[in-house]
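The values are calculated or read from the model by the stated rules, or taken from the named source; none is laboratory data. The model shown is predicted, which means the values in this text are computed figures rather than measured ones. Every residue, glycine as well, gets a Cβ built from its backbone with ideal geometry; the counts of neighbours run over all protein chains shown.
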């Protein structure tokens, strides 16, 4: 077998050393050292007994035992010194283990914080594109025409154009064109969602879009479920449809686009770079500004579970909670013109079994 083949074989057989391995080795070293220290103390205890017996015998021997008495004193002194060294060694091993544990927690915490940042950054970039989509599509001439002249023909044409967009942008559930009173006048999937004529003026995204000053601006709502879309989880972005498709034109309608939240968010949280072993005791989450879980790698607790983060006023960090669980977090940094909504990427990691 060649040297190169041997090297490749050795590399393949070599096990990657993890922090868990280091902690396990440190714990084993502490145990072994503790056993050795115990053995040393047992030996020194025997030496002290022997020295005491020797002193007694030396006393009985009188002047003839004087030399032996000196040796016995030296043996007792040495045993006491060895006992002190053994005790110091035990204390140092305990200190070393604590330092190793702290170093491991800091290193792992920093890694998990980076993973939390990566998750929220991916979502930020994804949602930045949604803000671009809604502002672009609102300038489409068919949207402007249907909002200005909401007859059957213009509405049908607007729905057709929205349908064409949906065929290319599969991350959306539906796109709604509304008049200024909140009535849906066209949507991209009328065969699937019969929403035309329904009033959505009470939706937060609609009222926020009505307050926008220009077509350069957009409104966004917190993650929620939409009854008109069969209870689907959505992230909705909206802006005004304006005369001539101009950013400073008179507002004549509102375009709301509904991002298919659940599968997209699940893909991001499940894509966090964890080892196969870690996935058994680790959850990757996205939480909104109120601490509500809006995405989870295990699919649990969406819109019902709340996470209370101990951020200490920091945008990112990590700590071990009262249950012994590592909590790493990172606040949304935003992307380009999208500032985010105060969401956090969060990693919750229990202690390995």
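Any residue that is assigned by TED's automatic domain parsing to the domain that holds residue 237, farther than 15 Å from residue 236 by Cα, free of Cβ contacts under 8 Å to residues at least 60 places away in the same chain and not in a loop (DSSP other than H, G, I, E, B) - is there at least one of those in the stretch 208-215? Within the stretch 208-215, not a single residue is assigned by TED's automatic domain parsing to the domain that holds residue 237, farther than 15 Å from residue 236 by Cα, free of Cβ contacts under 8 Å to residues at least 60 places away in the same chain and not in a loop (DSSP other than H, G, I, E, B). Please verify whether the stretch 138-160 includes one or more residues that are within 35 Å of the chain's Cα centre (by Cα) and farther than 30 Å from residue 275 by Cα. Yes, because at least one residue in the stretch 138-160 is within 35 Å of the chain's Cα centre (by Cα) and farther than 30 Å from residue 275 by Cα.
Take the stretch 275-318 and flag every residue that is closer than 23 Å to residue 263 by Cβ, out of contact with any strand residue (DSSP E or B) (no Cβ under 9 Å at 6 or more places or on another chain) and part of a loop (DSSP other than H, G, I, E, B). Once the filter is applied, which keeps residues that are closer than 23 Å to residue 263 by Cβ, out of contact with any strand residue (DSSP E or B) (no Cβ under 9 Å at 6 or more places or on another chain) and part of a loop (DSSP other than H, G, I, E, B), the stretch 275-318 yields 276, 299. Within the stretch 237-254, being closer than 19 Å to residue 129 by Cα and either outside the structural domain of residue 208 (by TED's automatic domain parsing) or touching a strand residue (DSSP E or B) at 6+ places or on another chain (Cβ under 9 Å) (or both) holds for 237, 238, 239, 240, 241, 254. When restricted to residues that are farther than 18 Å from residue 235 by Cα and either over 34 Å from the mean Cα position of the chain (by Cα) or modelled with pLDDT of 95 or more (or both), the stretch 163-181 contains 5.
Within the stretch 326-353, the set of residues being within 16 Å of residue 104 (Cβ to Cβ) and not in a strand (DSSP E or B) comprises 350, 351, 352. In summary, residue 252 fulfils each of the numbered conditions (1) more than 23 Å from residue 122 (Cα to Cα); (2) in contact with a helix residue (DSSP H, G or I) (Cβ under 8 Å, 6 or more places away or on another chain); (3) part of a loop (DSSP other than H, G, I, E, B) with the single exception of condition (3). So, residue 167, is that one surrounded by fewer than 16 Cβ atoms within 10 Å (Cβ to Cβ), assigned by TED's automatic domain parsing to the domain that holds residue 253 and assigned to a helix (DSSP H, G or I) or not? So residue 167 fits the description; yes.
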